[in-house]
Amino acid sequence: QVQLVESGGDLVQPGDSLRLSCAASGNSFSINMMGWYRQAPGKPRESVATITDSTTIYADSVKDRFTISRDNANPTTYLQMDGLKPEDTAVYYCTMVIAGRYYWGQGTQVTVSS
């Protein structure tokens with residue numbers, strides 16, 4: 001059984017930075033894709049960034065501010081968030097595709113407010 005554990009969410013001010021982490025445990029070999037999604041109150045869940053061995057994709061709203069990375073050896077994915085804005089406030093979920101199946105973390109709250 002695969003489990004994803006996220007950490008790093010916090011309450012920050014506009015312009016601040018945060019780094020989210022998501023570590024996989026269990027049968028987590030052959031990870032095809034790692035990614036981050038977010039869901040703000042009253043809005044659908046949206047893709048923030050995804051990464052494979054060859055491709056990285058960002059939502060337009062976070063390009064040039066967020067950076068996704070992965071460590072296949074552990075395995076872990078990170079989301080470095082710089083220049084945070086109030087509209088980035090949401091619950092952030094990590095996901096990993098392992099042997100064709102999606103796994104999700106429990107979510108971590110990011111709040112950007114002055």
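The values are calculated or read from the model by the stated rules, or taken from the named source; none is laboratory data. All of these numbers come straight from a predicted model, not from anything done at the bench. Using ideal geometry, Cβ is built from the backbone for each residue, glycine included, and neighbour counts are taken over all protein chains shown. Remember, those area values only see protein heavy atoms, side chains included, never the ligands or the DNA or RNA. Shrake-Rupley method; radii C 1.70, N 1.55, O 1.52, S 1.80 Å.
Things worth noting here:
- Any hit, the range 30-38, residues being in a strand (DSSP E or B), touching a residue at least 40 places away in the same chain (Cβ under 8 Å) and open to solvent by 60 Å² or more (accessible area, probe 1.4 Å): yes
- Against the numbered list (1) out of contact with any Asp or Glu (no Cβ under 7 Å at 6 or more places or on another chain); (2) open to solvent by less than 60 Å² (accessible area, probe 1.4 Å), residue 74 comes up short only at (2).
- Selected residue [open to solvent by 50 Å² or more (accessible area, probe 1.4 Å) and modelled with pLDDT under 95] from 61, 54: 54
- When 81, 96 are checked against the criterion of being touching a strand residue (DSSP E or B) at 6+ places or on another chain (Cβ under 8 Å), of a type in the set (A, V, I, L, M), over 15 Å from residue 4 (Cβ atoms) and surrounded by 14 or more Cβ atoms within 10 Å (Cβ to Cβ), 81 stands alone in meeting it.
- In the range 84-93, the residues that are assigned to a helix (DSSP H, G or I) and touching a strand residue (DSSP E or B) at 6+ places or on another chain (Cβ under 7 Å): 86, 88
- When residue 67 is tested against the conditions (1) assigned to a loop (DSSP other than H, G, I, E, B); (2) open to solvent by 60 Å² or more (accessible area, probe 1.4 Å), the lone failure is (1).
- Any hit, the range 6-27, residues being touching a Lys or Arg at 6+ places or on another chain (Cβ under 8 Å), among the acidic types (Asp, Glu) and surrounded by fewer than 17 Cβ atoms within 10 Å (Cβ to Cβ): no
- Looking only at residues in the range 99-114 that are among the polar types (S, T, N, Q) and in a strand (DSSP E or B), the one that is most open to solvent (accessible area, probe 1.4 Å) is 109.
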